Amino acid sequence: MHAPLQTRTAAEALVAQLVANDLRHVFCVPGESYLAVLDALVDSGITVTVCRHEGGAAMMAEAVGKVTGRPGVCFVTRGPGATNASAGVHVAQQDSTPMILFVGQIERAFREREAFQEMDYRAVFGSMTKWTTELDDPDRTPEIVSRAFYTATAGRPGPVVIALPKDVLKERCSAPDVPACSPVETAPGAEEMAELAGLLAEAERPLFVVGGSRWTEATRAEMHDLAEAWGLPVANSYRRATLFDPLSPAFAGDLGLGPNPKLIARAKAADLIVLVGGRLGEIPSQGYTLLDLPSPQTKLVHVHPGAEELGRVYRPTLAIHAAPTRFVPALARLGVAPKPSWRAEAEAAHADYLAWSGTATPQPGGVNLGDVMIWLRENLPDDTILCNGAGNYASWIHRFYRFRRYMTHVAPASASMGYGMPAAVAMKRLYPDRPVISVNGDGDFLMSGQEFAAAVQYRLPIVVVIADNGQYGTIRMHQERDYPGRVSATELVNPDFAAYARAFGGFGATVERTEDFPAAFRAAEASGLPAIVHLKISPDAILPGTTLTAIRDKALASR
Ligand SMILES: Cc1ncc(C[n+]2csc(CCOP(=O)(O)OP(=O)(O)O)c2C)c(N)n1
Ligand SMILES: [Mg+2]
């Protein structure tokens, strides 16, 4: 039944259209520019999470979009609210995540006077979104919101921004709701699949690389069955570790930052690379060195849901315009005769991965982050969600933690700092019954550490681990490589993070030795409160494989 005409405002129609799309959560920082929406949310059944910074709110929405494949929704106010939120919009762009950001806007009558906090959203967000628009006509509210759901999710997913003039929101909308967005699936053609069968039949050393978005748990499971049955080695792209179980015998390793050199050698020696869903961007392509560009010598099959991504960077041997959800079942239906050489490669690659991730490397200092990750992987349930942002500390996550289940890692492929804390809040709001942990660097955490207040406000018992090495370690590492001994703007004086947690109403513990971590972590869990476990890491422990001192000495020696 269509809603009765003229009885609701545009703000109410907007919220009804979100409900029609089965949206459960919105993340926001309020603003007087969109009071009418805040009011419409009151009786909507949608759960509202109020945040302390729009960057955090936008990252929370992005995290929801990432794990569910349906747009995460964020509301912020005009001007400064919108520019703060841009941090999360950029993550959604780089990570191919469906997301909708609604921004309060000045009244239509004041436009172009640079009224209070006025901005031209099309100009500001134009290069960051799939679509930026402004709602001009209250009667078009359902249409515009429906289109936002389609645009954000179709092809290569990404962010949409909709500005909402204050006066439009209060006007009457006579248009009925639009039915929920039904995702646009792109299936491969029979000709392309036949060509792929031919390429596989010729290949002795194929390597599959899974990445991007538009996967589902079922598609992932089908990819496992197929890879294991055929003996195909499968690596994951940067920050897409949950697309393949690391303990599957077909798992070849993580083609991200700081990868196993043996995996890089294997990828370079492959005679066929089948890239499913990802873009092979700067990080997984190892700074565009893995394949010749634009025309790789290695045969490359690129499977992507966005037609515009095919041939954009690499000219593939075969382009398949398809979402992983439709490609993987089509692959399973191909009459392929697996070769013994494939399985031999997969087994060797998997053995390399197990050796690379098996035991922690020695580190200077009292706390070895490798041992911490290994303890977590051995002691946390498989459905635990681990969130993080950016910094060298994440190298130990990528190398030693094992994401056994789909979407249990929520981290930005854009390597945006300050993501791990808001993402953990969003995940615990979404999945209250699953363990959620957030792993952060000291610099990283304080970019959105204020969202710890949201965790306290909503009583979310998440455990936040902070690897505190007193520096912006990643940048210090590059500094020592390029300008050895000349430290500039990378040292940090930090608060007592355990006391920080307590000041907010949470639980805090400080760990100075690896062997004290398990008890501190268990105490954090047992507190039932949002908790911070503050790890004191030696600044010299810069990467699992080397130290800051070694990097500096090497750079000095080569001068
Ligand atoms: C929003 C944002 N600003 C700056 C950077 C550049 N950057 C990348 S890692 C890093 C330092 C991270 O420091 P920390 O969180 O303490 O982790 P560590 O490297 O010390 O382990 C910086 C400044 C970034 N990736 N994102
Ligand atoms: Mg640090």
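The values are calculated or read from the model by the stated rules, or taken from the named source; none is laboratory data. On a predicted model such as this, the values are computed, not experimentally measured, just so you know. Backbone-built Cβ (ideal geometry, glycine too); neighbour counts: all protein chains shown. SASA here: full protein model, heavy atoms, side chains in, ligands and nucleic acids out. Shrake-Rupley method; radii C 1.70, N 1.55, O 1.52, S 1.80 Å.
In the range 224-274, how many residues are among the acidic types (Asp, Glu), over 18 Å from Gly212 (Cα atoms) and in contact (Cβ under 8 Å) with a residue 60 or more places away in the chain?
Here is the first cut: in the range 224-274, the ones among the acidic types (Asp, Glu) are 225, 228, 245, 254, 271.
Retained after the next criterion (residues that are over 18 Å from Gly212 (Cα atoms)): 225, 228, 271.
Still in the list and also in contact (Cβ under 8 Å) with a residue 60 or more places away in the chain: 225, 271.
The qualifying residues number 2.
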Where Asp468 falls short, out of the listed (1) touching a His at 6+ places or on another chain (Cβ under 9 Å); (2) open to solvent by 70 Å² or more (accessible area, probe 1.4 Å); (3) among the charged types (D, E, K, R): (2)
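Give the residue, chosen from Ser448, Ser395, Ser488, that is within 16 Å of ligand 2 (Cβ to nearest atom), surrounded by 24 or more Cβ atoms within 10 Å (Cβ to Cβ) and over 15 Å from the mean Cα position of the chain (by Cα).
Numbers: Ser395 fails: surrounded by 24 or more Cβ atoms within 10 Å (Cβ to Cβ); Ser488 fails: surrounded by 24 or more Cβ atoms within 10 Å (Cβ to Cβ).
Of the residues listed, the single one that is within 16 Å of ligand 2 (Cβ to nearest atom), surrounded by 24 or more Cβ atoms within 10 Å (Cβ to Cβ) and over 15 Å from the mean Cα position of the chain (by Cα) is Ser448.
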Among the residues listed as Gly485, Gly443, Gly506, the single one being at pLDDT 95 or above and within 16 Å of ligand 1 (Cβ to nearest atom): Gly443
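Confirm whether Asp433 is free of Cβ contacts under 8 Å to residues at least 24 places away in the same chain, within 29 Å of Gly65 (Cα to Cα), open to solvent by 20 Å² or more (accessible area, probe 1.4 Å) and out of contact with any helix residue (DSSP H, G or I) (no Cβ under 7 Å at 6 or more places or on another chain). Give the steps one after another, and end with the answer.
Numbers: free of Cβ contacts under 8 Å to residues at least 24 places away in the same chain: yes; within 29 Å of Gly65 (Cα to Cα): yes; open to solvent by 20 Å² or more (accessible area, probe 1.4 Å): yes; out of contact with any helix residue (DSSP H, G or I) (no Cβ under 7 Å at 6 or more places or on another chain): yes.
Yes, satisfied.
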Subset tally (residues that are under 21 Å from Tyr401 (Cα atoms), open to solvent by 40 Å² or more (accessible area, probe 1.4 Å) and of a type in the set (Gly, Ala, Ser)) for the range 330-347: 0
Flag for Glu171 being surrounded by fewer than 22 Cβ atoms within 10 Å (Cβ to Cβ), closer than 23 Å to Leu38 by Cβ and under 29 Å from the mean Cα position of the chain (by Cα): no
Qualifying positions in the range 259-272 - open to solvent by 10 Å² or more (accessible area, probe 1.4 Å) and either within 22 Å of Arg405 (Cα to Cα) or part of a strand (DSSP E or B) (or both): Pro259, Asn260
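Is it true that Arg312 is at pLDDT 95 or above, more than 30 Å from Asn440 (Cβ to Cβ), basic (Lys, Arg) and touching a Lys or Arg at 6+ places or on another chain (Cβ under 9 Å)? Explain how you work it out, then say what you get.
Numbers: at pLDDT 95 or above: yes; more than 30 Å from Asn440 (Cβ to Cβ): yes; basic (Lys, Arg): yes; touching a Lys or Arg at 6+ places or on another chain (Cβ under 9 Å): yes.
Judged against the criteria, Arg312 is a match.
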Subset tally (residues that are open to solvent by 30 Å² or more (accessible area, probe 1.4 Å) and under 30 Å from Tyr34 (Cα atoms)) for the range 175-220: 7
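Please verify whether the range 24-43 includes one or more residues that are among the polar types (S, T, N, Q) and within 24 Å of Pro179 (Cβ to Cβ). First the steps, then the outcome.
First, pick out the residues of the range 24-43 that are among the polar types (S, T, N, Q): 33.
When the remaining residues are screened for being within 24 Å of Pro179 (Cβ to Cβ), the result is none.
No, every residue in the range 24-43 fails to be among the polar types (S, T, N, Q) and within 24 Å of Pro179 (Cβ to Cβ).
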All positions within the range 227-251 that are over 29 Å from Ala415 (Cβ atoms) and open to solvent by 10 Å² or more (accessible area, probe 1.4 Å): Glu228, Ala229, Trp230, Pro249
